[in-house]
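Structure first, then comments.
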Amino acid sequence: MDQTEFIKLVAAKLSDETTVRGLFLGGSFGRGTPDSHSDVDLIALVEPDHQDEAIATWRSLLEGISPVVFWNQRGQGHVLLNAITEDWLRCDLSIMPPSAFIDRAQDTVKPLIDRDGFYNVLPEALPAKGPDPAKVKYLINEFIRVLGLLRVVVGRGEYLTAVTGIGMLRDHFMNLMLEEVNVPDRGGALHLSKVLPEADMDLLLSLPFPKANREEVIDANFDIARHFLPRAYDLAAKLNLPWPDNFEKATLRFLATSLGPSPDWYSLSRNSVTD
């Protein structure tokens, strides 16, 4: 069974469940951008008194379609149910009160069941989402912190951990790029190439994936930092965020005095960094 058949079957089976006041497609199906690899994101509007019943109904419905091999339940009040069927169809169901069905637009959801006309009162589209100053501040400080930990893992010879840290730096850089993208809905991590500009994707793919040895992990940290810091400077300036000068300088000094003169960590300071 493909996703489209699954969606039609679910809507039909829940059509007589009056405790489900609304059932909507979210995610890529809600936005009209699915592909053959997309999971099915559903939103069910259910009053709190009927949520336990809705959870049991959903599990029974899925088992009647295909055996469920993975099941996970999170949250209270707003419940998220993750399921994977035997043929690896992935489906997430968010169960929430009708009053929580906000911060959405008609171009991000599609109605399957709408007993009370919730879809009609949604705006056609959401405004573009600009950078979140608090998140940008977190990414900058966390990048510098993880960068400084390079000295610790190298000093201990923990090169596998160092490789993991490089993955964290790459993720922080990716998330900084996402903050620069002014769109209403940035989607999930599995849609990265559809959201980021091609040049940013090319840059991320060009960043090193080092082996677990001293020279490669040091060079990889330096290379990612020399790309991240100028972008972070510019974005912080646009958002009028104070730059953590003392933290950055102390970190670069710590790396320069403990890891040797090459690469030149001092060249990463914002007054002299060049790409």
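The values are calculated or read from the model by the stated rules, or taken from the named source; none is laboratory data. If you're wondering where the values come from, they're calculated on a predicted model, not measured in any experiment. We place every Cβ from the backbone using ideal geometry, glycine too, and count neighbours over all the protein chains shown.
Let me confirm something: among Ala54, Ala12, which residue is surrounded by 14 or more Cβ atoms within 10 Å (Cβ to Cβ) and hydrophobic (A, V, I, L, M, F, W, C)?
Just one listed residue meets the conditions, Ala54.
Just one of (1) within 29 Å of Asp132 (Cβ to Cβ); (2) at pLDDT 95 or above; (3) surrounded by fewer than 16 Cβ atoms within 10 Å (Cβ to Cβ) trips up Ser269, so point out which.
Condition (2) is where Ser269 drops out.
Which is over 30 Å from Glu47 (Cα atoms), buried (at least 18 other Cβ atoms within 10 Å of the Cβ) and touching a residue at least 40 places away in the same chain (Cβ under 8 Å), of Leu150, Leu93, Leu178?
Exactly one residue qualifies, and that residue is Leu150.
When you scan region 9-19, do you find a residue that is in a helix (DSSP H, G or I), touching a residue at least 24 places away in the same chain (Cβ under 8 Å) and over 17 Å from Ser94 (Cβ atoms), even just one?
Within region 9-19, the subset in a helix (DSSP H, G or I) is 9-14.
Subsequent filtering for residues that are touching a residue at least 24 places away in the same chain (Cβ under 8 Å) retains 9-11, 13-14.
Applying the additional criterion that residues be over 17 Å from Ser94 (Cβ atoms) yields 9, 13.
Yes; the residues of region 9-19 include at least one that is in a helix (DSSP H, G or I), touching a residue at least 24 places away in the same chain (Cβ under 8 Å) and over 17 Å from Ser94 (Cβ atoms).
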